[in-house]
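First up is the structure itself, then whatever we jot down about it.
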Amino acid sequence: MKVIVVKDKKAMGKKGAELIAADMKKKDRPYVLGLATGSTPEPVYAAWVSMCKKGQIDFSTVITFNLDEYVGLKPTHDQSYRYFMNDKLFNHVNINKKNTFVPDGMARDIETSCAAYEAKIDACGGIDYQVLGIGSNGHIAFNEPGSSLGSRTRKVKLTANTIKDNSRFFKSMKDVPKSAITMGIGTVLDAENIVLFATGANKVKAVADAIEGPITASCPASALQTHPNVTFILTKDAATGLKLMHQS
Ligand code: F6R
């Protein structure tokens, strides 16, 4: 496990974007990216947009799988994660949108749709690099505390804490979706490489629990301690709870 502490969000975005771009260059085949939404990865996507304009990164054969989507929001809803990805990344880089996948929050048969999502990831050869944020309660994707560490893509109920955190993006509390489709912790752990980004004082406890706490379903991100290729890129304010020296 590598822990990198940077001064601010812009430095975090640049570091993360370059880390993944370097891995993309090593692989001479369609590259499979796992992507997250939320405020945290926005500087990473902004850095990729700028690199793409300068010809420093090529998304033409990249395949993407997003971690999660709200149940009941159409892809055209401005708070859906599909909309977010188009707006922050896909509309501004040379990606083929047909190669971008987000769980279907409108699926009639959610179970079949989740199994098909897992099968599609497998058919593409698995995820090369998975981007993660972390919830203030330690969730990764929408695997809330109490999720099985081996869980797969499925429908989950969001906790009151997450609904409150996400309400900042909606007109009122009642508009915030109460459930989502999410990749499982087991799905995330299958990625070859993982990078978790965190920023802000409200993530201090979750970050410390994830990196230095016990591996427990009470902090889903702590499962990352079992992964051989995981990097945490943290801004200074999110890293203040760390006490140990992290070497690899
Ligand atoms: C989003 C996701 C979530 C967020 C987390 C942090 O796709 O998987 O786990 O990463 O809720 O959200 P922000 O970055 O908005 O603080």
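How much of the accessible area of the range 28-119, in percent, comes from carbon and sulfur atoms when a 1.4 Å probe is used?
On the way: 2140 of 4270 Å².
The value for the range 28-119 is 50 percent carbon and sulfur by accessible area.
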Could you state the accessible area per residue of the chain in Å², with a 1.4 Å probe and every protein chain left in place?
-> 46 Å²
For the chain, using Cα atoms only, the Rg and Dmax in Å read 16.8, 48
Within-14-Å neighbourhood charge of ASN94 [Cβ basis; K, R +1; D, E -1] | +3
Whole-Hz couplings from phi, Karplus 6.51/-1.76/1.60, listed for the range 77-90; x for Gly and Pro = 5, 6, 10, 6, 6, 4, 4, 4, 5, 4, 5, 8, 9, 4
Tell me which residues come under 5 Å, amide H to amide H, from THR231 once H is placed; ignore anything under 5 positions away on its chain.
-> LYS2, ILE194, VAL195, LEU196
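Report, for the range 2-238, the % of DSSP beta bridges that are antiparallel, rounded to 5.
Values: 9 of 31 bridges.
Around 30 percent of the beta bridges assigned by DSSP in the range 2-238 are antiparallel ones.
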Compute the signed sum of charges (Lys and Arg +1, Asp and Glu -1) over the other residues within less than 10 Å, Cβ to Cβ, of THR235.
-> +3
Under 24 Å Cα-Cα from LYS164, which lysines qualify once same-chain neighbours fewer than 8 residues away are excluded?
-> LYS9, LYS74, LYS88, LYS155, LYS174, LYS178, LYS203, LYS205
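Under 15 Å from the Cβ of SER147, count the other residues' Cβ atoms, weight Lys and Arg +1, Asp and Glu -1, and hand me the total. Walk me through the intermediate numbers first.
Values: positive: ARG152, ARG154, LYS155, LYS157; negative: ASP68, GLU144, ASP209.
Result for the local shell: +1.
Could you work out how much longer the chain between HIS246 and SER218 gets when fully extended? Use 0.36 nm per residue separation minus the Cα distance between them, nm to one decimal.
7.9 nm
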Using a 1.4 angstrom probe and counting only protein chains, how large is the accessible area of HIS77 in Å², to 10?
-> 70 Å²
Could you pull the accessible area for SER113 with a 1.4 Å probe, rounded to 10 Å²?
-> 40 Å²
Could you pull the accessible area for GLU69 with a 1.4 Å probe, rounded to 10 Å²?
-> 10 Å²
Using θ = phi - 60° and the Karplus form 6.51 cos²θ - 1.76 cosθ + 1.60, what ³J(HN,Hα) does each residue of the range 127-140 get, whole Hz, x for Gly and Pro?
-> 8, 6, 9, 9, 8, 10, x, 9, x, 5, 9, x, 6, 10
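The values are calculated or read from the model by the stated rules, or taken from the named source; none is laboratory data. Because the structure is a prediction, the values reported are computed rather than measured. A quick note on method: Cβ atoms are made from the backbone with ideal geometry, for glycine too, and the neighbour counts reach across all protein chains shown. Surface accessibility is based on the protein's heavy atoms, side chains included, excluding ligands, DNA and RNA. Shrake-Rupley method; radii C 1.70, N 1.55, O 1.52, S 1.80 Å.
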